[in-house]
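Worksheet: the structure to be examined is printed underneath.
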Amino acid sequence: MLNTIRLKIIVMAMALMALLAAATGLATYLNKQVLAELLAIAEINIPLGTHVSSIDVLTFELELHILRGIEKSPLDPSQIVALRQRHMEIIRIIRNDFKHIRRTLEIGISDPRNDLEDQIVFAELKGAFASLDQRIEPFLQIGVNALAAIEAGDLPRARVLAQGFRAFEDVFGKDLLQIRRGLENMTLSSFNETNRNQDNVLWLNAALFAVVAALGLALFLALANRLHRSLEDLLTGTQQVENGQLDVKLAVNSDDQIGRLTRSFNHMIGQLKEKERIKDTFGKYVDPRIVARLIAAQDDNENVSERRPATIFFSDIKNFTGMSERLTASAMVNLLNSYFSIATREIREQHGIIDKFIGDSVMAFWTAPFSAADQHAADACLAALAQREAIAKFCGELPQITGLRRDPPDFAVRMGIATGEVVIGTIGSEITKSYTVIGDAVNVASRLEGANKVYGTNIIIDETTFRLAQGSIEARELDLLTTVGKIEPQRIYQLLCSAGELPTDMVELRELFAAGLAAYRAHDWDTAERRFDECLALRADDGPADVFRRRLKLLRTSPPPADWDGVWRLTEK
């Protein structure tokens, strides 16, 4: 009897083991089928959709490319070369997409991982795509012929040829859309079917767990819980990434497909974090508006440059060399970074572009489209005034910034602003490039910044800047001079404040100074000296009046020739 019971137990155990083995084998088989279906979708459906979308985009881009070429004609040789290069590149990609689609459709029809229904859909897509395949070369030939007409300067013929694109609007519009929707529906159906198969696997496991021994039930529950947790972690992590959270790291608890998928997910997050870090870092070196313009360029020529009016700004810290000798390296860096933060904020708030930092100097520029029309000169002046105001507050924080609680450094900034036509674009080697401005206005702004040392001022602008910005600012004419490296004299102005904010005493000072300047240019030294003395009586620290009073003493000692035009030649940068 014991043997019989034992035999029953053994038979039952063997039956349970056989059932467990069968369930395990079946579950493993079905899981592999599910994974195979997912891989088939990833290897066939998704690439196929990518290539179809590429054709949709590129056929439109090819037509738009030709129409833009016609609109911009006549083109110079470099533009024609760029137009042809991009056109040929589009044709090459389209043909390559068609080649991949044909091959992928054949694979989809014959791949055993796809069921009969999917294979029928692939066959239908192949038939629908065959019509597109026959029409693509005539479509491309229209573009080639139109391009040749553009290159030959025959714009009427190019326009007539471009009209031929309309015959393909349904082919590469409605027909291509129908193919895409068919592919999307099939892909969605495959995903739903795979999801149902996965659910079936889980339900089968649950049913078998109910009849298998407690050990088998525990083992299967452990496996199901592990899979569930892993999938939930992946789903939660995916949602977090979708919401912009990149501080996600999932635990890898196995070396199977779920484990590899988890490791791939973690690797993807690492790459996204690295790209985000690079993006944030790059944004500190290049103004995001410049990056946007470079990306938005209509051709593949990365050496984007153009000539346009711009206002250039230079600033320099007064006596920075002497100041730095009193500071430690860390204090000096802290001082510069704090000051540059102020300058950058005020410049960007007034639509300016930081070009570069040169030691303790800042170079920036204003131009369209960042500033509206001729507003760039006013924006630059208002940014300089805002910096001056912010620096005045900044000086109160110098003891904390520099660590010099007693006798903190005398911090002042000189600024020069000039307006003129410059070349704006990417300049540099094949390895490293910079988006910058080149032109005479750059040199003039630099020289005007240095001229502040001569006149005892902090912001000097040239005549063009004053003329464009005079509705937004208050300024006074300083002098008519030639800077180092220049032959033609230029009228310069001291930037005082925003329009309507000039104090009463400064209004009187400006009028007295203007009268003194007129007498000075008329060689009426006595009247000029009286006016400048009156200026100093109003404000003893008025640098320009003091400069001219000392200059009058020199002119009395060494009188200029009778035909002297009042131009003062600056001999220092």
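The values are calculated or read from the model by the stated rules, or taken from the named source; none is laboratory data. Everything numeric here is computed off the predicted structure, so don't read it as measured data. Reconstructed Cβ throughout: ideal geometry from the backbone, glycine too, with neighbour counts over all protein chains shown. What goes into the accessible areas is simple: the full protein's heavy atoms, side chains included, and nothing from ligands, DNA or RNA. Shrake-Rupley method; radii C 1.70, N 1.55, O 1.52, S 1.80 Å.
Name the residues in region 169-183 that are among the charged types (D, E, K, R) and modelled with pLDDT under 75, would you?
Of everything in region 169-183, those that are among the charged types (D, E, K, R) and modelled with pLDDT under 75 turn out to be Glu169, Asp170, Lys174, Asp175, Arg180.
In region 95-105, how many residues are under 30 Å from the mean Cα position of the chain (by Cα) and modelled with pLDDT of 85 or more?
Residues that pass the stated criteria total 0.
The rows are residues; the columns are (1) open to solvent by 50 Å² or more (accessible area, probe 1.4 Å); (2) at pLDDT below 70; (3) closer than 30 Å to Val423 by Cβ.
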{"site": "Leu235", "(1), (2), (3)": "yes, no, no"}
{"site": "Val241", "(1), (2), (3)": "no, no, no"}
{"site": "Lys249", "(1), (2), (3)": "yes, no, no"}
{"site": "Thr262", "(1), (2), (3)": "no, no, no"}
{"site": "Asn266", "(1), (2), (3)": "no, no, no"}
{"site": "Lys284", "(1), (2), (3)": "yes, yes, yes"}
{"site": "Arg293", "(1), (2), (3)": "yes, yes, yes"}
{"site": "Arg308", "(1), (2), (3)": "no, no, yes"}
* To do: Sort out which residues of region 376-397 are open to solvent by 40 Å² or more (accessible area, probe 1.4 Å) and in contact (Cβ under 8 Å) with a residue 24 or more places away in the chain, and write them in order of number.
  => Leu382, Arg388, Glu397
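Regarding region 356-364, can at least one residue be identified that is of a type in the set (Asp, Glu) and open to solvent by less than 20 Å² (accessible area, probe 1.4 Å)?
No, region 356-364 contains no residue that is of a type in the set (Asp, Glu) and open to solvent by less than 20 Å² (accessible area, probe 1.4 Å).
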* Output for region 450-474, where each listed residue is more than 35 Å from the chain's Cα centre (by Cα) and closer than 13 Å to Pro544 by Cα -> Ala451, Asn452, Lys453, Val454, Tyr455, Gly456, Thr457
* Structure fact -> Among (1) over 20 Å from Ser53 (Cβ atoms); (2) touching a residue at least 60 places away in the same chain (Cβ under 8 Å); (3) within 38 Å of the chain's Cα centre (by Cα), Thr194 falls short only on (3)
* Asked: Among (1) part of a helix (DSSP H, G or I); (2) touching a helix residue (DSSP H, G or I) at 6+ places or on another chain (Cβ under 8 Å); (3) modelled with pLDDT under 95, which single condition is Ala378 missing?
  -> (3)
* To do: Output the residue which, of all residues in region 43-70 that are open to solvent by 50 Å² or more (accessible area, probe 1.4 Å) and more than 28 Å from the chain's Cα centre (by Cα), is nearest to Ile90 (Cα to Cα).
  => Ile46
* Taking interchain pairs and intrachain pairs at least six residues apart, which have beta carbon atoms under 8 angstrom, with the first residue in region 103-129 and in contact (Cβ under 8 Å) with a residue 24 or more places away in the chain and the second of a type in the set (Phe, Trp, Tyr)? -> Leu105/Phe122; Leu105/Phe129; Gly108/Phe122; Asn114/Phe122
* To do: Spot the failing condition for Glu477; the list is (1) open to solvent by less than 20 Å² (accessible area, probe 1.4 Å); (2) closer than 27 Å to Glu449 by Cβ, and only one is missed.
  => (1)
* Asked: Would it be correct to say that Ile109 is in a helix (DSSP H, G or I) and either over 30 Å from Lys32 (Cα atoms) or out of contact with any Lys or Arg (no Cβ under 8 Å at 6 or more places or on another chain) (or both)?
  -> no
* What pairs come up if the first residue lies in region 361-374 and is in contact (Cβ under 8 Å) with a residue 24 or more places away in the chain, the second is assigned to a loop (DSSP other than H, G, I, E, B) and open to solvent by less than 10 Å² (accessible area, probe 1.4 Å), and their beta carbons are under 6 Å apart, counting only those six or more places apart or on different chains? -> Ala364/Gly352; Trp366/Gly352
* **Members of region 118-145 found to be out of contact with any helix residue (DSSP H, G or I) (no Cβ under 8 Å at 6 or more places or on another chain) and either open to solvent by 70 Å² or more (accessible area, probe 1.4 Å) or among the charged types (D, E, K, R) (or both), listed by number** => Ile120, Gln134, Glu137, Gln141
* Determine whether Gly352 is open to solvent by less than 20 Å² (accessible area, probe 1.4 Å) and either touching an Asp or Glu at 6+ places or on another chain (Cβ under 9 Å) or under 20 Å from Ile492 (Cβ atoms) (or both). => yes
* Structure fact -> Here the qualifying pairs (Cβ atoms under 7 Å; residues six or more apart or on different chains; first in region 52-66 and over 10 Å from Phe165 (Cβ atoms) and among the small types (Gly, Ala, Ser); second open to solvent by less than 20 Å² (accessible area, probe 1.4 Å) and modelled with pLDDT under 85) come out as Ser54/Asp97
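Quick check on Ile312: is it in a strand (DSSP E or B), in contact with a strand residue (DSSP E or B) (Cβ under 9 Å, 6 or more places away or on another chain), modelled with pLDDT of 95 or more and crowded, with 17+ Cβ neighbours inside 10 Å?
It is true that Ile312 is in a strand (DSSP E or B), in contact with a strand residue (DSSP E or B) (Cβ under 9 Å, 6 or more places away or on another chain), modelled with pLDDT of 95 or more and crowded, with 17+ Cβ neighbours inside 10 Å.
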* Asked: Does region 146-159 contain any residue that is surrounded by fewer than 17 Cβ atoms within 10 Å (Cβ to Cβ) and acidic (Asp, Glu)?
  -> yes
* When the residues of region 333-347 are filtered to those that are in contact (Cβ under 8 Å) with a residue 60 or more places away in the chain and surrounded by fewer than 18 Cβ atoms within 10 Å (Cβ to Cβ), which remaining residue is nearest to Ala390 (Cα to Cα)? -> Ser338
* Name the pairs whose Cβ atoms lie under 7 Å apart, with the first residue in region 134-150 and part of a helix (DSSP H, G or I), the second open to solvent by 50 Å² or more (accessible area, probe 1.4 Å), and 6 or more positions between them or separate chains? -> Leu147/Arg84; Ala149/Arg157
